[in-house]
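**Student:** Mind having a look at this structure? Questions to follow.
The values are calculated or read from the model by the stated rules, or taken from the named source; none is laboratory data. Nothing here was measured: the structure is a model prediction, and the numbers come from that model. Glycine also receives a Cβ, built like all others from the backbone with ideal geometry; neighbour counts cover every protein chain displayed.
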Amino acid sequence: MSNISFDNTEVAFKHKSNAELKRAKWLFSMFNHRWAVKYGPPLTSLALKLRLPIKGMVRSTIFDQFCGGENIQECGDAADMLHKRGVGSILDYSVEGVEEESTFDQNVEEIKQTIYAAKTEDKYPFAVFKCTGIGRFDIFHKASEGRLNEAEREEFDRIVKRVEDICQTAVDQGVRLLIDAEETWIQDSIDDLVLMMMQKHNTSAVWVYNTLQMYRTDRLAYLDNTIDLARKAGFKMGYKLVRGAYMEKERERALDNDYDSPIQPDKPATDENFDAGLRMCFEHRDIIATCLGTHNENSSRLLTELMSEENVPSNDPHFWFAQLFGMSDNISFNLAQAGYNVAKYLPYGPIQAVLPYLGRRAEENSSVSGQVGREMSLIIEELKRRKVWNSN
Ligand SMILES: Cc1cc2nc3c(=O)[nH]c(=O)nc-3n(C[C@H](O)[C@H](O)[C@H](O)COP(=O)(O)OP(=O)(O)OC[C@H]3O[C@@H](n4cnc5c(N)ncnc54)[C@H](O)[C@@H]3O)c2cc1C
């Protein structure tokens, strides 16, 4: 039996000075204010556009908590700190919103730079990208519904070429590549593309990983089908398992358009489905490599238990745990200390461009979503352990 504990806050926060911990406590307490979470990102964006001198303030607070820097070089310090403590970094170019062909091409070049960085430095065990960073959302939507006109088909072909280019670069450099999952109404075309890439590249080893959002009701069946397919066609698969980030949007759209919600009815159902997906991937570990993308302690513990029961070494390269930079350090560092493979998404990009990402982190850690207690109570516990706690 694995007996991993995620409660050791000394291990979790060794990298943070008292002042940094207090700043983190202040930041997480701000997420309790609905107005700060709702209006903070758009007001910050406006202030930056107006060139008001707030960049330093944003940078030293929310940006430094959740991002590695404005470019790959600037991420070096954060990545070194994590690496020294046994945790890898996954450089995540988190720029969103501009839907132009020239920007998509530039993004491909930037993603390739993250692959080259991963090739040369052990501290970067994976590369990652999001399909809507290299193609228009609407094109993925139409492709998913099989209704591209001729011009759109050409545009989609250019997207396919970009995906091929990124995957080929990763394989040539010997770098594992994660591809994020997005909204259900664009995901079919992404799944088809990634499956094609897995079939092409994951022949002797797993380089390309798709993402399964286990809050979806159809993902276990999808996983099962692709296992059949991979066995018959003789290729391997990589899956990053996550619960899913777009629950409210998914439910709202289903309601507005009068179709059944594709999302599990409640949190326990999502939890059960996530763990079932994990068990299925584990059972088929001869052809599936798994990256467990979660801040959930029970699911993280489950994988350590499965590995221990079947005598899979904790550092088996087919199993990785992943969290986001600035969150759940208690999981990341306690797992790493116990010898497991752990990496954190390390988002980066110009401050203005990563604001949507920061807004989502604020939302996720707000009292509205019920997450705020977790990070905050760990920070307070550590401040108390260091005897520097005061309740202000
Ligand atoms: C390394 C990493 C990579 C990620 N990549 C992606 C990605 O590619 N695509 C993506 O969509 N997300 C991604 N995420 C985000 C992820 O999907 C979750 O939103 C986030 O991690 C919270 O889930 P959890 O398992 O960590 O924690 P938990 O706190 O245990 O779970 C929260 C999650 O449970 C689900 N949930 C909450 N309430 C309900 C409810 N009432 N009914 C049904 N389900 C509910 C939601 O999915 C919610 O996000 C990633 C997360 C990490 C750590």
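**Student:** Which residues, taken from the stretch 302-337, are within 14 Å of the ligand (Cβ to nearest atom), in a helix (DSSP H, G or I) and closer than 21 Å to S89 by Cα?
**Tutor:** Residues satisfying the conditions are L303, D329, N330, I331, S332, L335.
**Student:** Against the definition (touching an Asp or Glu at 6+ places or on another chain (Cβ under 7 Å) and either under 19 Å from D329 (Cβ atoms) or without any contact (Cβ under 8 Å) to a residue 40 or more places away in the chain (or both)), how does K123 come out, yes or no?
**Tutor:** Yes.
**Student:** Of the conditions (1) closer than 16 Å to Y348 by Cα; (2) at pLDDT 95 or above, G146 clears all except one; give me its number.
**Tutor:** In the conditions (1) closer than 16 Å to Y348 by Cα; (2) at pLDDT 95 or above, G146 misses (1) alone.
**Student:** Quick check, is N210 within 23 Å of F126 (Cα to Cα) and more than 9 Å from the ligand (Cβ to nearest atom)?
**Tutor:** yes
Okay, residues lined up against (1) among the acidic types (D, E); (2) without any contact (Cβ under 8 Å) to a residue 12 or more places away in the chain; (3) in a helix (DSSP H, G or I):
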position: C167; (1), (2), (3): no, no, yes
position: L177; (1), (2), (3): no, no, no
position: E182; (1), (2), (3): yes, no, no
position: Q187; (1), (2), (3): no, no, yes
position: V194; (1), (2), (3): no, no, yes
position: Q199; (1), (2), (3): no, no, yes
position: T211; (1), (2), (3): no, no, no
position: A230; (1), (2), (3): no, no, yes
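**Student:** Within the stretch 364-386, is even one residue within 14 Å of the ligand (Cβ to nearest atom), crowded, with 24+ Cβ neighbours inside 10 Å and closer than 30 Å to Q73 by Cβ?
**Tutor:** yes
**Student:** Among the listed residues N365, N341, identify the single one that is among the polar types (S, T, N, Q) and either over 17 Å from the mean Cα position of the chain (by Cα) or modelled with pLDDT under 90 (or both).
**Tutor:** N365
**Student:** Let me ask another. Just to be sure before I move on: is T226 modelled with pLDDT of 95 or more, of a type in the set (V, I, T) and outside any helix (DSSP H, G or I) in the structure I sent?
**Tutor:** No, not satisfied.
**Student:** Could you count how many residues in the stretch 242-278 are touching a residue at least 60 places away in the same chain (Cβ under 8 Å), in a loop (DSSP other than H, G, I, E, B) and more than 8 Å from the ligand (Cβ to nearest atom)?
**Tutor:** Here the count works out to 1.
**Student:** Further question: Check whether at least one residue in the stretch 286-295 is over 18 Å from S314 (Cα atoms) and within 12 Å of the ligand (Cβ to nearest atom), and report yes or no.
**Tutor:** yes
One line per residue, one yes/no per condition, for (1) farther than 15 Å from A12 by Cα; (2) surrounded by 14 or more Cβ atoms within 10 Å (Cβ to Cβ); (3) of a type outside the set (G, A, S):
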{"position": "L302", "(1), (2), (3)": "yes, yes, yes"}
{"position": "M307", "(1), (2), (3)": "yes, yes, yes"}
{"position": "P313", "(1), (2), (3)": "yes, no, yes"}
{"position": "D329", "(1), (2), (3)": "no, yes, yes"}
{"position": "L335", "(1), (2), (3)": "no, yes, yes"}
{"position": "G339", "(1), (2), (3)": "no, no, no"}
{"position": "K344", "(1), (2), (3)": "no, yes, yes"}
{"position": "L358", "(1), (2), (3)": "yes, yes, yes"}
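**Student:** Residues in the stretch 228-241 that are near the ligand (Cβ under 10 Å from one of its atoms) and over 19 Å from G277 (Cα atoms): how many?
**Tutor:** Residues meeting the conditions: 0.
**Student:** Moving on to the next point. (1) surrounded by fewer than 19 Cβ atoms within 10 Å (Cβ to Cβ); (2) under 21 Å from E363 (Cα atoms); (3) at pLDDT 95 or above; (4) not small (G, A, S): which one isn't true of E248, the others all being true?
**Tutor:** (3)
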